[in-house]
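Scroll down for the structure; my scribbles are underneath it.
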Amino acid sequence: MPSIVHFEIPADDLDRAREFYTNLFGWKIESFSGMDYMMIDTYGPGGGMMKRVHPGQQITDYFGVPSVDEYAVKVEGLGGKVLMPKTAVPGMGYFVICQDTEGNVFGIWEMDMGAK
């Protein structure tokens, strides 16, 4: 059954947000090599932090699925929308950003170490 495998926190000021969450929860937050992105270690589902892309952008949860292609079709078949098509994270997997019928944004994630 799909469950949350990752989350992303958008921030206007990455250093300020990093300090807040580190002090609040004791999370280990480190820059991700070669990207303007930080990885968050929560000792549970991992997360990431990046610059806010648009005003109002909220935390996004990612649900692990066996195939983002199949689940993207299911999302649309159930009345949801695909906001960002299948995107590779090289050497890690693929994600698709979706919106449910209530306007909530979420991601689906497929592990694939061969992703290019």
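The values are calculated or read from the model by the stated rules, or taken from the named source; none is laboratory data. From a predicted model like this one, the values you see are computed outputs, not experimental measurements. Reconstructed Cβ throughout: ideal geometry from the backbone, glycine too, with neighbour counts over all protein chains shown. For accessibility, only protein heavy atoms count, side chains too; no ligands or nucleic acids. Shrake-Rupley method; radii C 1.70, N 1.55, O 1.52, S 1.80 Å.
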Do we have GLY77 as open to solvent by less than 80 Å² (accessible area, probe 1.4 Å), out of contact with any strand residue (DSSP E or B) (no Cβ under 7 Å at 6 or more places or on another chain) and over 27 Å from LYS116 (Cα atoms) here?
yes
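Every residue, every condition in (1) of a type in the set (S, T, N, Q); (2) touching a Phe, Trp or Tyr at 6+ places or on another chain (Cβ under 9 Å), yes or no:
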| site | (1), (2) |
| --- | --- |
| MET1 | no, no |
| GLU8 | no, yes |
| ALA17 | no, no |
| ASN23 | yes, no |
| ILE29 | no, yes |
| TYR37 | no, no |
| THR42 | yes, yes |
| ARG52 | no, no |
With the stretch 27-97 as the region, which strands (runs of 3 or more DSSP E) entirely inside it contain at least 1 residues that are under 13 Å from the mean Cα position of the chain (by Cα)?
37-41, 46-51, 60-64, 81-89
Picking from GLY93, GLY103, the residue that is touching a Phe, Trp or Tyr at 6+ places or on another chain (Cβ under 9 Å), on the phi > 0 side of the Ramachandran plot and free of Cβ contacts under 8 Å to residues at least 60 places away in the same chain would be GLY93
List every residue pair whose Cβ atoms lie under 7 Å apart, where the two residues are 6 or more positions apart in sequence or sit on different chains, the first residue falls within the stretch 1-22 and is in contact (Cβ under 8 Å) with a residue 12 or more places away in the chain, and the second residue, located anywhere, is assigned to a helix (DSSP H, G or I).
ILE9/ALA17; ALA11/ALA17
